[in-house]
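Worksheet: the structure to be examined is printed underneath.
The values are calculated or read from the model by the stated rules, or taken from the named source; none is laboratory data. Only a predicted model underlies this, so the values are computations on that prediction, with no experimental measurement involved. Using ideal geometry, Cβ is built from the backbone for each residue, glycine included, and neighbour counts are taken over all protein chains shown.
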Amino acid sequence: MLASAAAVLLLTSCLGDNNDFNAGFMIANPKSPVTAHYANNTIDTLAFVSQGPWTLTAGAESQWCVIPTVSGVGNTFYSIPVTMQQNTTGRSRVATFTLRDSNHPDEGHATFYYTQYATRGDGSFGLAADVKSVEGSDGSSITVTYDQLHRPLTLRMTNASGAMIHDLKLQYNDIDSVLTVNDGVSILKGRCINGDYQPLRLVGDGDTIGYFSQYDERTAMAISANQAFSVEHRLHGGRHIIYSYLLGGQSLSPDSIHNADSLRLYDSSNTDGVLALKFIPSAADNRYQSLDVNQLVSGIDDCDPYQLLSLFRFSRSTSIIQEVKSSTTGSIIEVQLNADKSVHSMTIRRTSGGMALPDIPVTYTFGY
């Protein structure tokens, strides 16, 4: 690596008019002038070679990103740990750094940047409150625990009758970027390659859950993910659940505003066929708490725990849904917010033809 770096340096070195000298830098990491991180990313590495002695200076408003070594000698490969504070500002931010040749600062210098999104890898804001419990007025309950990076470690869900319907344990191997989930029946693993602690798929001996492309039957070509995509859960025993989301061209970048227009739900264990749901978003933002509360609109028994934890964040609409419509029935969703804009309670009322059904509405109360 050092030999390769030196070869590049010779191409970018500077020659003075009065005496010859070499001054320049080859930066191996960050790999481009700008490296983007999620709000809950806290470590990186600065790796470079300088042809001469060097100093490092930080730009204004870069205090959240710390590089402890600020000077050194030339012709040496440096690998310096970088630490970052979690971004709880609610907006993206940029840290600027400049390397300069100590002997020839005007001729030999290089500037690089670290940026942090406003959102974590799961799509919630870096300032979002961690939901630790959800209590349903029907007797259902959810408990969740997290690590210091606000990543879920456990999830337990019991329904109205007190039966345990989901019991997940999650482990993160940050060296190999592998997430392991034990669902009590299968061990599922997936690689998280984008620094977001998010797998594209979790695969086990019996179960697989993850993103799958949708295809245009007329052209037999994959539809772009910002138009439509599916989260599929293929369970042991042959059961197959498909959540097909329609977005309509909205951006899926980390801090983007995007809301699913509709969902088509297929469950091979349900003889009623495909359920088509139309979503109407509210003005309330779904990023101020760790859980994707929209996953609760169909009730605990039909709530997918992986999407509730936002392990597949593209399915997390930015806005909290205020109404769901199908061809025959629907639901009206009312939320009460805390002072920090996280959800305090969510009440779901079933409707038919625009009229409330006589069913008792269910209210979920969130604990933090």
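The numbered conditions (1) farther than 30 Å from Gly90 by Cα; (2) buried (at least 18 other Cβ atoms within 10 Å of the Cβ); (3) β-branched (Val, Ile, Thr) are all true for Val144 except (1). Leu235: within 26 Å of Asp196 (Cα to Cα) and out of contact with any helix residue (DSSP H, G or I) (no Cβ under 9 Å at 6 or more places or on another chain), yes or no? Criteria met by Leu235. Looking at the range 229-296, none of the strands (runs of 3 or more DSSP E) lying wholly inside it contains 3 or more residues that are among the aromatic types (Phe, Trp, Tyr), outside the structural domain of Thr208 (by TED's automatic domain parsing) and closer than 21 Å to Ile348 by Cα.
The residue list Tyr113, Tyr117 contains one member that is aromatic (Phe, Trp, Tyr) and either surrounded by fewer than 20 Cβ atoms within 10 Å (Cβ to Cβ) or without any contact (Cβ under 8 Å) to a residue 12 or more places away in the chain (or both), which is Tyr113.
Between Val181, Val82, the distinction of being touching an Asp or Glu at 6+ places or on another chain (Cβ under 7 Å) and either buried (at least 20 other Cβ atoms within 10 Å of the Cβ) or hydroxyl-bearing (Ser, Thr, Tyr) (or both) belongs to Val82 only. When Ile209, Ile193, Ile241, Ile223 are checked against the criterion of being of a type in the set (Val, Ile, Thr) and under 20 Å from Val324 (Cβ atoms), Ile241 stands alone in meeting it. Those strands (runs of 3 or more DSSP E) of the range 128-210 in which 1 or more residues are without any contact (Cβ under 8 Å) to a residue 12 or more places away in the chain and assigned by TED's automatic domain parsing to the domain that holds Ile241 occupy 164-173, 178-182, 201-203. The sole residue among Ser345, Ser315 that is in contact with a Phe, Trp or Tyr (Cβ under 7 Å, 6 or more places away or on another chain), without any contact (Cβ under 8 Å) to a residue 40 or more places away in the chain and closer than 21 Å to Ala128 by Cα is Ser345.
For the range 120-141, the tally of residues that are crowded, with 18+ Cβ neighbours inside 10 Å and either at positive phi or among the hydrophobic types (A, V, I, L, M, F, W, C) (or both) stands at 7.
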